[in-house]
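Enquirer: Before we start, here is the structure in question, set down as structure tokens.
The values are calculated or read from the model by the stated rules, or taken from the named source; none is laboratory data. Keep in mind it's a predicted model, so treat the numbers as computed, not measured. Note: ideal-geometry Cβ built from the backbone for every residue, glycine included; neighbour counts use all protein chains shown. We work out accessible area using only protein heavy atoms, side chains counted, and drop any ligands, DNA or RNA first. Shrake-Rupley method; radii C 1.70, N 1.55, O 1.52, S 1.80 Å.
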Amino acid sequence: MRFRRSSASASERRPLWARADELEESDNQDLSNERHLGLFSTALLLTNRMIGAAIFSVPSSIFLSVGSVGAALSLWVVGIILTFCGFYIYLELGCLMPRTGGEKVYFDTAYPWPYRLASTLYAFYVLFGFPGLASVVVADNTLLALNIATNEAGQRLAAVGIMALVAACLSISREWSVRIVNSLTLLKLATFLLILATAFAIVVGLLPNNVDTSANFRQPFTGSSTTIYDYTVSLFKVLESFLGWNSASMVLGEVKNPQRTLKVAGLLGVGLVGALYLLINVSYFIVATPDDISRAGVQLVARLLGNIFGGAASRVTAAMVALSTFGSMISTAFAVTRVIRELAVEGIIPAADILSRTSKSGNPATATSVFMFGPSVVAILLLPFGDAYAFLLDVNQYLLVMVYGAVVVGLFIIRQYVPSADYPFRVWTWVPYLFLFCQVFLLLSPLVSPSGAGDTTLPYWLAPAVSFFVIGLGTLYWRLKGFTPSAGDEPIWARQDNLGSYGSVAVS
């Protein structure tokens, strides 16, 4: 690869990465870049985003797929390991480039040619992420917890109202947005502790229970499935439960002492959620009979909490699910709106002049939330309930696998040009290879279904096909936009005087 010398002068250039003390000493008066997130808030941000509705709904379906308690718990352990692998990869890249944008920053660095193509495709992934679909879960469970009956139209309007509430929370002061995220996270952790305390009280006999609490653990692997597809689908669900472990990388430009904070906050957040998920699953299987496990959804939680709340257990469980999902939506929106703003600053998405603005509070403009939730509002108002929503989530999950794979390949590319001594942190070599192998496996395995069926009534191959169609649309949009680098806006690799001076980029 040949590199062209940048025309920028030395005074116009700054290093791509910087030491932690240099980051803290910079006098930045821009509210959108002011570093205000400390260790506590950063850890709670990613914890809040990871803990959603999945942990309440997928354990029973995973058990039904793999056929045994031992196999199900093993998959959760594998999920924790892979999540840590992903976190350490993002930790290396985040410490090297502690700027807001997450994958967008890494793609710009690793894939400068064709110019803006990688960022454009990532923008289409963000657009088709449908983060607002979770509002259906919040609305349904809130109505159930309040014992309010409504028709389908009422459910749709309630879901749209939830998205409007999330946007309103992000429109107030940035400090209050962070306080809302922190408060919801602490409430979630309190509900988890309640579930664990209930299971412990049952085991030691403080609460009555007519189920043999050790029955599911005597022969934990009996009845395990021998079909790889069952484990693949289940692993997708496990990894989906951990979504959000990379959320801190999306807002690193607002994190104090980002290199140290990202490392500690990530270890605390991912470690805490991983331990809680594993213990919650053990708690479910302590009190669950085979009949309980056969009931899909949140019946396992209601079965456990019934020892305390009796007939109101279902409503209490619904409130927990609503709270967890709503908190996850706010954390997701907090991070994604900042990524959208970064994409708009570079003119990659439409209405860039509006979406690149920052409100007086320091949060992205309200229009950014409208852009983020717009596709979800259309889907909720027009699509029928049921498989359509599950299908859109499958498409997003498949696209996410592509994003993760591209990040790992990008890490290998960046390593070719950055001296080892310049890395604040460098992950062990086997970690990205293991994570990449997992993404390739998840990318290819859904294309083969022994029964010809997926997790919805739609053809199993349709979600991968639509994912590639989205990539095609992104490529077409990129071609029509005709992005061309201007003076001082060349790709990072093109700004190298030589390999030894990698990291000098022009400031626009």
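Enquirer: How large is the Kirkwood hydrodynamic radius of segment 36-494, counting all unique pairs of alpha carbons, in Å?
Expert: Working: mean 1/r = 0.0437 Å⁻¹.
When all Cα pairs of segment 36-494 are included, the Kirkwood radius is 22.9 Å.
Enquirer: Here is a further query. Determine, from the Cβ-Cβ distance of residue 193 and residue 148 and an R0 of 35 Å, the FRET efficiency 1/(1 + (r/R0)^6), rounded to the nearest 0.05.
Expert: Numbers: r = 28 Å, r/R0 = 0.81.
Efficiency, from the Cβ-Cβ distance: 0.80.
Enquirer: What dipole magnitude, in Debye to the nearest 20, does segment 339-399 give about its Cα centre under +1 on Lys/Arg Cβ and -1 on Asp/Glu Cβ?
Expert: Details: 3 positive and 5 negative charges, 60 e Å.
I would put it at about 300 debye.
Enquirer: Quick check for you: with a 1.4 Å probe and neighbouring chains kept, what is the accessible area per residue of segment 36-494, in Å²? Don't skip to the end; give the middle numbers.
Expert: Working: 17590 Å² over 459 residues.
Per residue, segment 36-494 has 38 Å² of solvent-accessible surface.
Enquirer: Highest mean first, how do 63-72, 476-485 rank when packing is the count of other Cβ atoms within 10 Å averaged over residues?
Expert: Details: 63-72: 21.2, 476-485: 12.7.
Order by mean packing, descending: 63-72, 476-485.
Enquirer: What's the FRET efficiency of residue 212 with residue 309 using the Cβ-Cβ distance as r and R₀ = 30 Å, to the nearest 0.05? Kindly include the intermediate steps, with their values, before the conclusion.
Expert: Working: r = 23 Å, r/R0 = 0.75.
Computed FRET efficiency for residue 212 and residue 309 comes out at 0.85.
Enquirer: Rounded, prolate or oblate for segment 362-453? Axes are the square roots of the Cα gyration tensor eigenvalues, ordered a ≥ b ≥ c, and the cut-off for rounded is a/c under 1.5. Write down the numbers at each step before the final one.
Expert: Values: a/c = 4.42, a/b = 1.39, b/c = 3.19.
Oblate.
Enquirer: Also, quick follow-up: Output the peptides 462-469, 391-398 sorted from most to least packed, where packing is the average of other Cβ atoms within 10 Å over each peptide's residues. All intermediate terms of the calculation are to be shown ahead of the outcome.
Expert: Details: 462-469: 16.8, 391-398: 20.0.
Order by mean packing, descending: 391-398, 462-469.
Enquirer: For segment 73-168, compute the orientation-averaged projected area of the C-alpha convex hull (one quarter of its surface), in nm². Numbers along the way, then the final one.
Expert: Values: hull surface 39.9 nm².
Averaged projected area of segment 73-168's Cα convex hull equals 10.0 nm².
Enquirer: For a quick check of understanding: with a 1.4 angstrom probe and all protein chains in place, what accessible area in square angstrom does residue 387 have, to the nearest ten?
Expert: Number for this one is 50 Å².
Enquirer: Please report the carbon-and-sulfur percent of the accessible area for segment 36-494; probe 1.4 Å, protein heavy atoms only, DNA, RNA and ligands left out.
Expert: On the way: 11980 of 17590 Å².
Carbon and sulfur: 68 percent of the exposed surface of segment 36-494.
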